[in-house]
Amino acid sequence: RGVGTYECRFDAPKHIGGKRVFVRFEGVSLTADVFCNGVRLGSHQGAFNAFCFEITDLLKPHDNRLVVVADNAKNADVIPLAGDFTVFGGIYRPVWLMVLPEVCLSPLDYASPGVYVSQNNVTESKAQLEVKAVVSMGKQPLQKCSLKTTVLNAEGQVVAVSQGGAMVTDSEGRVLIKHKLEIDNPT
């Protein structure tokens, strides 16, 4: 148990003009402090969930330096506290460099895909769903966005489509697009 430091040097992806770059960690145990080119991106607590940071403005064309300081020292505030497994430390799941458009589904919402589906009412004859997408505008001014959701059945056939939706900004400044779908005779 203790601190381990990881360093990775890399060149910026080619042809990223007008795009954004994120680094996504699938798991670091138990805590992580992350730096890019000497700038602290932030920290994360918890061994078993993903986290993500944007590094677009910090990238140089060549010789970028990503540093992760992982610490698996016992900490009563960070899970897991115990279990029927060994609590290893360090980076133990993949790390991804993601290049996304300026306006994109946000990978920063708990490192999720940025799309949430809720089942509001489901019967044998109809399923009512709500789709919420967390959209990141980057440096673009707030603008009207549209979301298109297509639901396929197990055979790959389209069973519901919705486009548009209400666009709102939540208390955390995220842009949310919500809309409703109905599926007849859900299986």
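The values are calculated or read from the model by the stated rules, or taken from the named source; none is laboratory data. These numbers were taken from a predicted model, which means no experiment stands behind them. Note that each Cβ is placed from the backbone with ideal geometry, even for glycine, and that neighbours are counted across all protein chains shown. With ligands, DNA and RNA removed, areas are computed over all heavy atoms of the protein, side chains included. Shrake-Rupley method; radii C 1.70, N 1.55, O 1.52, S 1.80 Å.
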**OP:** Residue by residue through region 1-30, note down the ones that are within 18 Å of the chain's Cα centre (by Cα) and either open to solvent by 20 Å² or more (accessible area, probe 1.4 Å) or among the acidic types (Asp, Glu) (or both).
**Re:** Lys19, Arg24, Glu26
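Name the residues in region 140-168 that are polar (S, T, N, Q) and surrounded by fewer than 12 Cβ atoms within 10 Å (Cβ to Cβ), would you? Step through it out loud before you land on a result.
Here is the first cut: in region 140-168, the residues polar (S, T, N, Q) are 140, 143, 146, 149-150, 153, 157, 162-163.
Listed by number, the residues that qualify are Gln140, Gln143, Ser146, Thr150, Gln157, Gln163.
When you scan region 60-75, how many residues do you find that are outside any loop (DSSP other than H, G, I, E, B) and open to solvent by less than 80 Å² (accessible area, probe 1.4 Å)?
Initial filter on region 60-75 (outside any loop (DSSP other than H, G, I, E, B)): 64-71.
Those left that are additionally open to solvent by less than 80 Å² (accessible area, probe 1.4 Å): 64, 66-71.
Number of matching residues: 7.
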Original post:
Which residue out of Arg20, Arg93 is touching an Asp or Glu at 6+ places or on another chain (Cβ under 8 Å), of a type in the set (D, E, K, R), farther than 20 Å from Ser136 by Cβ and touching a residue at least 60 places away in the same chain (Cβ under 8 Å)?
Top reply: Arg93
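Matching residues to (1) free of Cβ contacts under 8 Å to residues at least 40 places away in the same chain; (2) on the phi < 0 side of the Ramachandran plot; (3) not in a strand (DSSP E or B):
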| residue | (1), (2), (3) |
| --- | --- |
| Pro107 | no, yes, yes |
| Tyr110 | no, no, yes |
| Ala133 | no, yes, no |
| Leu142 | yes, yes, yes |
| Ser162 | yes, yes, no |
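Going through Gly114, Gly156, Gly164, Gly90 one at a time, which residue ends up being at pLDDT below 90 and of a type in the set (Gly, Ala, Ser)?
Numbers: Gly114 fails: at pLDDT below 90; Gly156 fails: at pLDDT below 90; Gly90 fails: at pLDDT below 90.
Going through Gly114, Gly156, Gly164, Gly90 in turn, just one is at pLDDT below 90 and of a type in the set (Gly, Ala, Ser): Gly164.
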